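Q: Have a look at this one before I ask anything.
The values are calculated or read from the model by the stated rules, or taken from the named source; none is laboratory data. All figures in this text were calculated on a predicted structure; none of them were measured in a lab. Cβ placement follows ideal geometry from the backbone for every residue including glycine, while neighbour counts extend to all protein chains displayed.
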Amino acid sequence: MKIYDFLPLLVLLLSLSVVRAEDPRFEYREGGIVRGRRDEKKLALEFTAHEFTEGGTTVLDQLAARHIKASFFLTGGCLRNPTNQALVRRILADGHFLGPHSDSHPLLCPWSGPKKTLVTKEFFIGEMESNLEAIEKFGIKRTAVQFFIPPYEWYNGEIARWAGEMGLHLINFTPGTRSTADYTGDSASNFVSSKAIMASIVAREKQSGLNGYLLLLHLGSGPRRTDKMTDHAGELIDYLQGRGYRFVRVDELLSEKPRQ
């Protein structure tokens, strides 16, 4: 056989090599990291935003009062919105992590049925490049952005692979609590109150602990929800600190230390 007979296989292997292998210390779903190490009593607070950011100042005030660092994942549209400029600058000045959440917040795969990708690879790359460019305009180097939370916190293995080819770890929230339901409107059939969200977090912590948790909340929920979970950020932090947890940024929780 000639060397060129192996070229198709070589091309495939090279393409796969750019996607990071799963780290055995972490938990994955469909190629995305959903939990850090269970052997350390650390967790990361994640905040995502696209259209609404009305809880931003409250969250930053509560974090600053407790000297807590968190991680914020904002879309390009959110970052370019003139009303958010001061908020984003404060996120960075206070030492929090800033990462991408797509540019226009598209749905990448269906809510039900087979999770077939709804966008092309070219569209996805364009979304991410525009989002990353918006982050870079705030003085963040591209190499400092290692993590990405998909829009709607919804994805499949193909999206995770495409992100990996761009040098990004796709991460999400840790299942087991109702924290991500904080966007639901007051009159919606799927409404979940802040009290119920808090109760779900407390119950999960008492049941199995939150070591390595990626605990996600939305930075805003808009006018359809008056019961803002962001108003309870301080209460949530105080409870978990009282249970012995240390809050860290996602890049610390998921740091790439040498494997043993």
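Q: Hey, can you tell me all the residues within region 195-228 that are more than 16 Å from F47 (Cβ to Cβ) and outside any helix (DSSP H, G or I)?
A: Within region 195-228, G209, L210, N211, G212, P223, R224, T226, D227 qualify.
Q: With D186, D231 as the choices, which residue is modelled with pLDDT of 95 or more, among the acidic types (D, E), surrounded by fewer than 18 Cβ atoms within 10 Å (Cβ to Cβ) and part of a loop (DSSP other than H, G, I, E, B)?
A: D186
Q: Next question, about the same structure. When S200 is evaluated against the numbered criteria (1) without any contact (Cβ under 8 Å) to a residue 40 or more places away in the chain; (2) of a type in the set (S, T, N, Q); (3) closer than 18 Å to F72 by Cβ, which criterion, by number, is the only one it fails?
A: (3)
Q: Going by the structure shown, is P106 part of a loop (DSSP other than H, G, I, E, B), out of contact with any Pro (no Cβ under 7 Å at 6 or more places or on another chain) and not acidic (D, E)?
A: No, not satisfied.
Q: Based on this model, can you work out whether G99 counts as outside any helix (DSSP H, G or I), farther than 21 Å from T53 by Cα and under 16 Å from the mean Cα position of the chain (by Cα)?
A: Spelling it out, it is not the case that G99 is outside any helix (DSSP H, G or I), farther than 21 Å from T53 by Cα and under 16 Å from the mean Cα position of the chain (by Cα).
Q: I've got another one for you. Checking the structure you have, find out if any residue of region 54-72 is within 21 Å of H101 (Cβ to Cβ), small (G, A, S), in contact with a strand residue (DSSP E or B) (Cβ under 6 Å, 6 or more places away or on another chain) and at pLDDT 95 or above.
A: Yes; the residues of region 54-72 include at least one that is within 21 Å of H101 (Cβ to Cβ), small (G, A, S), in contact with a strand residue (DSSP E or B) (Cβ under 6 Å, 6 or more places away or on another chain) and at pLDDT 95 or above.
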